[in-house]
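**Student:** Structure provided below as structure tokens; questions to follow.
The values are calculated or read from the model by the stated rules, or taken from the named source; none is laboratory data. For clarity, every value in this text was computed on a predicted model and none was experimentally measured. For neighbour counting, all protein chains shown are included, and Cβ atoms are generated from backbone atoms with ideal geometry for every residue, glycine included.
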Amino acid sequence: MNNSVSNTARLLGAGLRALLVLTVICGIVYPLAVTGIAQALFPHQANGSEIKDDSGRVVGSSLIGQTYHLPKQNPGDPQEAAAPDLRWFQPRPSGGLGSNSVNTQYSLLLSGATNRSADNGAVHGTCTEDAPEGTLCAQVTRAKEAVVADNSTAGHRVRPEDVPADAVTSSGSGLDPDISPAYAELQIRRVAERNGLDVQRVERLVADHTTGRTLGFMGEPRVNVLELNTALKALARS
């Protein structure tokens, strides 16, 4: 009996010591070490890839796309679509999977892909203007019409065939922070006109914020919309 109690006490003691050691190593030492290394070597990424304006105020993260919309006429109406603020470069469509309907205190977007096929709503493999509402073809058709109308100026008419795919489709997450250089270039004249800027200055701004392929061969050239609009705001003020 005494041996049994002694063995049990010894096992419990060993288990508690192992628990304490592992808690210190895995719960304190390891997180502090990883945090310290991240802050020393990758402080920008470790702190959320924050983007600051010229006043030093954090305006967002370079990893998450933002929308640039005008205030709604009826803020309490969930069915009212927000109109884009055409002073700014517009990101990719950010429909995701819809809006948050559980905790309506916050206006959240449910991130994710629609998983609609490329011919969703197509007739004989072709998207037409009379595609059924709610289909991918209908969304793309309406989005292309809006892009053409929004970005055509008095001296420049955008052709529908010049609208790139990322201007009318969302990414897999619905929160892509980047657009293609082609979509950024399509918006230059409209942005310059709305902000009273010279077109060449806005072209240089886009070129300065265009990132090439990672390591020269991975991915595609891209423009971070938040970084571009932050620089645009500073340029418009100057």
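**Student:** Residue check: is residue 191 within 22 Å of residue 54 (Cβ to Cβ), at pLDDT 95 or above and either of a type in the set (Gly, Ala, Ser) or surrounded by 15 or more Cβ atoms within 10 Å (Cβ to Cβ) (or both)?
**Tutor:** When the stated conditions are applied, residue 191 passes them.
**Student:** Follow-up. Could you tell me whether any residue of the range 208-231 is modelled with pLDDT of 95 or more, under 16 Å from residue 156 (Cβ atoms) and in the same structural domain as residue 62 (by TED's automatic domain parsing)?
**Tutor:** No; the residues of the range 208-231 include none that is modelled with pLDDT of 95 or more, under 16 Å from residue 156 (Cβ atoms) and in the same structural domain as residue 62 (by TED's automatic domain parsing).
**Student:** To continue, here is another question. Against the conditions (1) outside any loop (DSSP other than H, G, I, E, B); (2) out of contact with any strand residue (DSSP E or B) (no Cβ under 9 Å at 6 or more places or on another chain), where does residue 134 fall short? Just the number, please.
**Tutor:** (1)
**Student:** Could I ask something else about it? Does the range 71-86 contain at least one residue that is touching a residue at least 60 places away in the same chain (Cβ under 8 Å), surrounded by 10 or more Cβ atoms within 10 Å (Cβ to Cβ), under 30 Å from residue 229 (Cα atoms) and under 33 Å from the mean Cα position of the chain (by Cα)?
**Tutor:** Scanning the range 71-86, I find at least one residue that is touching a residue at least 60 places away in the same chain (Cβ under 8 Å), surrounded by 10 or more Cβ atoms within 10 Å (Cβ to Cβ), under 30 Å from residue 229 (Cα atoms) and under 33 Å from the mean Cα position of the chain (by Cα), so the answer is yes.
**Student:** A further question follows. Let me confirm something: among 180, 152, 173, which residue is in contact with a Gly (Cβ under 9 Å, 6 or more places away or on another chain) and either surrounded by 14 or more Cβ atoms within 10 Å (Cβ to Cβ) or in contact (Cβ under 8 Å) with a residue 60 or more places away in the chain (or both)?
**Tutor:** 173
Quick grid of which residues meet (1) under 22 Å from the mean Cα position of the chain (by Cα); (2) surrounded by 14 or more Cβ atoms within 10 Å (Cβ to Cβ):
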{"residue": "203", "(1), (2)": "no, yes"}
{"residue": "207", "(1), (2)": "yes, no"}
{"residue": "214", "(1), (2)": "yes, no"}
{"residue": "220", "(1), (2)": "yes, no"}
{"residue": "223", "(1), (2)": "yes, yes"}
{"residue": "233", "(1), (2)": "yes, yes"}
{"residue": "236", "(1), (2)": "no, yes"}
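**Student:** Does residue 38 count as modelled with pLDDT of 90 or more and either surrounded by 10 or more Cβ atoms within 10 Å (Cβ to Cβ) or aromatic (Phe, Trp, Tyr) (or both)?
**Tutor:** Considered against the rule, which asks whether it is modelled with pLDDT of 90 or more and either surrounded by 10 or more Cβ atoms within 10 Å (Cβ to Cβ) or aromatic (Phe, Trp, Tyr) (or both), residue 38 comes out as yes.
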